[in-house]
Amino acid sequence: MNEKSLITLEYHKITERLAQYASSTAGKELCLRLLPSDSLPDIELAQTETKDALTRIYKKGGISFSGLKDIRASMKRLEIGSTLNIEELLSINKLLEITKRIKTYSRKEHGDDTEDSLDERFRQLEPLTPLSAEISRCIISEDEISDEASPTLRHTRRSIKSMNDKIRSQMNSLLNSSSMRTYLQDSVITMRGDRYCLPVKAEYRSQVPGMIHDQSSTGSTLFVEPMAVVKLNNDLKQLFLKEQEEIEVILATLSQQVSEYMEEILCNYELLVQLDFIFAKAFYAQEYKGTRPIFNSNGYISIRDGRHPLLDPQKVVPITIYLGKEFDLLIVTGPNTGGKTVSLKTVGLFTLMGQAGLHIPAHDGSELSVFTNVFADIGDEQSIEQNLSTFSSHMTNIVSILKKVDQRSLVLFDELGGGTDPTEGAALAIAILSHLHQRGIRTMATTHYSELKVFALGTEFVENASCEFSVETLQPTYRLLIGIPGKSNAFAISKKLGLPNYIINDAKKHISSQDETFEDLIADLEQSRRTIEKERLEIQEYKNEVKQLTLRIEKKEGRLDEQKENILRNANEEARKILAEAKAFADQTMKDFQKFGKENVSVKEMEQKRSELRSRMSHTEKGMALKTPERKKEHKPSDFRIGDTVHVYSMNLKGTISSLPNAKGMVMVQMGILRSQLPISDLEILPDEAVTVKKSSKSSSGGSKMSKAASISPEINLLGMTVDEAVAVLDKYLDDAYLTHLQQVRVVHGKGTGALRQGIHQYLRRLKYVKNFRLGEFGEGDAGVTIVEFK
């Protein structure tokens, strides 16, 4: 990857931030040395590792590799037979403790058998718990070996303690003697070179036998080791030497045990460093809410709401940008500080981050392409030392880029052709971009030149884009708008800032009519875009409202279904209880009446039981949900006529009388397709449904009523209907025709494919009140008509 572009796009700042999330020194070094790859399999693997680590963080929380030290030098010393010191052994023990902690962290939860890219590394970790426990047992800290490290060390240290006690006891007896107090400068016991001494006045040196180990700065005090404790001090010194020898033996033993697991320990170290590096990428992605980009090798870039990772996340405005599919050259225009350079750097930096295995701060579904090189010419690179102007510096860089670029490169130009005469600069910029465009190289450039806007409008696979600017607030909105060239806002900004109108009007005279027309066209496009954007947002709001209403209706239907089920369940349960109670009561009543038949029971007692039964039945009827409607009037047989409309109490239905009452008071009643013989006591005659006829000019006064029969046609037309629609209409028509006592009717269905005719004939065969039916004869409509006769 081009080193200059890495610096230009500030990639090193990304790796420095990444290193802050690594715990170990070696992990931080891996972060700082991280470079983008141009191998798609390697990139996908690195992205998968970052994603899997991030998933584990979200599921189980964070993980720390703190305390991990580089133990490779210690392993080298072990190879040549050296003994490790306490600090080195503690570092190895710390590594094993971290290994154990990470191994525990890697365990899957119950029922979670999903494998990821990190499982193999976790499986290879060997905590070596017995070795770690042995080191912890023997070494307490960097300055202390445990008494329990060996029996010899424990015995030696007890002897040292005992010897110390003897020496102190002897020294205290000397201090407490009345003769010795006169010779001492202070009544204290001091140490000089691990030897117990007394501070003796110089003039009494000869009065205190012993060895002089030191004197005060004035020479008035001598530190004398009394002869009585010389041997004891010598014995103590021997014990200290013996203790040190035993410690060396313990360290050698531990080093020997560690050497048996050198390969496993080194493997643990390498794995932990790798995991520290991978989890650092995941922690960094979590911090800036990164997502995994989708990679392709077709040069297609599609960034959705991307945020520059080095800008304040609370202030940065997301941009949506795409390149490489519908066009391979994107020319961005707009005012200064409007976000053009940020958009350019975002595309370049996202490409570098993605190819380095880092997630990018953008929405899911963002796509990046794999490039072998990213070339960037961004910023003012004026060089006084090399005697180069801004234009010369940029052109030197561009020449270098054009020599190295190929079809798998991404090229980013900031203010291409700037720093020189606008006409020549625009011409050079068009020529350079045309050269790259003809070679199919993915290129993105920013500019202020109107010539480049026209070039983009008139060239295939080249697209304009602009950074939106609000004239009202004189502030850029930092939104990138693809497909719309940027409009020069110099006049509007100047007017807003208070420049007199006469100066602005005079300035407009110096603009060619062609340029003015072009700027007006851009303004119209911008206005159209805003209108469309506003309408799109309104449509989206409507869609959201419809979606919410749909959800509410679905929830309401769900509640209604649930209530219906509960009502039916409760009704069934209540019915079951009523039936059970009725059965029990009926059984008891039968037993009572059987007893009445066998035994001599009084009539009064039987009547009481019967009254109880009637009372219970009345109470049950009152509790029923459906009440039998009250009967308004009792009718005589002579009141009924054929065609009368009646209400059937027992069925709570409306019907039509189709026969006169017989001797038993029974009549035939047609209720839709149901025909039944019922007693007249179960019927109530309803008033006829009358049809009011308009008064004719020759009518005298009032309105006349005609019966339903006058409004029923002897023919029905079913042409153009489906079978289901035709049957529904025909059913109602035949009912009305039969009730009005028509002998036959004519059903027009047409010939066609015959499907409608067959469906109607199948339906007619099921009707009990149809005597027969046939196709029409010559003059009646032939096969397009069916004649139906009633019984």
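Within the full protein context, the accessible area of Lys547 is estimated at about 130 Å² for a probe radius of 1.4 Å. The order of Lys94, Lys100 by accessible area, most exposed first and with a 1.4 Å probe, is Lys100, Lys94. Over the stretch 47-89, accessible surface divided per residue gives 50 Å², non-protein components excluded, 1.4 Å probe. Note on Ser37: accessible area is roughly 30 Å² with a 1.4 Å probe, heavy atoms of protein only.
Computed about its Cα centre, the charge dipole of the stretch 384-467 is approximately 380 debye, with only Lys, Arg, Asp and Glu carrying charge at their Cβ. Note on the stretch 66-187: Kirkwood radius taken over Cα pairs, Stokes-Einstein applied at 10 °C and 1.306 mPa s, translational D equal to 82 µm² s⁻¹. In this structure the amide hydrogen of Glu367, modeled in the peptide plane, comes within under 5 Å of the amide hydrogens of Ile294, Ser302, Ile303, Arg304, none closer than 5 places in sequence on its chain. The simple spin-label model puts a point 7 Å past each Cα toward its Cβ; for Ser178 and Ser64 those points are separated by 6.5 nm. With the simple model of a label 7 Å out from the Cα in the direction of the Cβ, Lys556 to Phe295 spans 5.2 nm. When Val546, Val748 are compared by accessible surface with a 1.4 Å probe, the order from highest to lowest is Val546, Val748. Under the classification rounded if a/c is under 1.5, otherwise prolate if a/b is larger than b/c and oblate if not, where does the stretch 281-370 fall, given a ≥ b ≥ c as square roots of the Cα gyration tensor eigenvalues? Cα axes put the stretch 281-370 in the oblate bin. Karplus-derived 3J(HN,Hα) values for the stretch 40-52, using 6.51 cos²θ - 1.76 cosθ + 1.60 with θ = phi - 60°, are 4, x, 5, 5, 4, 5, 4, 5, 5, 4, 5, 5, 5 Hz; glycine and proline are entered as x. Please state the shape class of the stretch 1-60: rounded when a/c is under 1.5, otherwise prolate if a/b exceeds b/c and oblate if not, all from the C-alpha gyration tensor. Judged from the Cα gyration tensor, the stretch 1-60 comes out oblate (a/c at least 1.5, b/c at or above a/b).
Taking a point 7 Å out from the Cα of Cys267 in the direction of its Cβ, the residues of the stretch 65-102 whose backbone N falls within less than 16 Å of it are 96, 99-100. Scanning residues 5 or more positions from Arg479 or on other chains, those with amide H under 5 Å from its amide H are Glu468, with H placed 1.01 Å from N in the peptide plane. Between Ser206 and Lys664, the contour length at 0.36 nm per residue exceeds the alpha carbon distance by 149.0 nm.
Computed from the Cβ-Cβ distance with R0 of 22 Å, the FRET efficiency linking Thr372 to Gln274 stands at 0.30. Taking 0.36 nm per residue of separation and subtracting the Cα-Cα distance, full extension of the segment from Gln256 to Arg766 would add 173.5 nm.
When the charge dipole of the stretch 188-249 is built from unit charges on Cβ atoms (+1 for Lys and Arg, -1 for Asp and Glu) and taken about the Cα centre, the candidate among Tyr196, Gly219, Val230 whose Cα reaches farthest toward its positive end is Gly219. Shown here is the pair-distance distribution of the stretch 31-133: with all Cα-Cα distances grouped in 5 Å bins from zero up to the longest one, the shares run 2, 10, 15, 18, 16, 14, 12, 7, 4, 0 percent.
Compared with the direct C-alpha span, the chain from Glu142 to Glu535 gains 134.2 nm at full extension, assuming 0.36 nm per residue. Using the reciprocal of the averaged 1/r over all distinct C-alpha pairs, how large is the Kirkwood radius of the stretch 160-227 in Å? The Cα-based Kirkwood calculation yields 12.1 Å.
The values are calculated or read from the model by the stated rules, or taken from the named source; none is laboratory data. The model shown is predicted, which means the values in this text are computed figures rather than measured ones. Ideal geometry is used to build each Cβ from the backbone, glycine not excepted, and the neighbour counts take in all protein chains shown. Accessible surface is based on the protein model in full, side chains and every heavy atom, while ligands, DNA and RNA are left aside. Shrake-Rupley method; radii C 1.70, N 1.55, O 1.52, S 1.80 Å.
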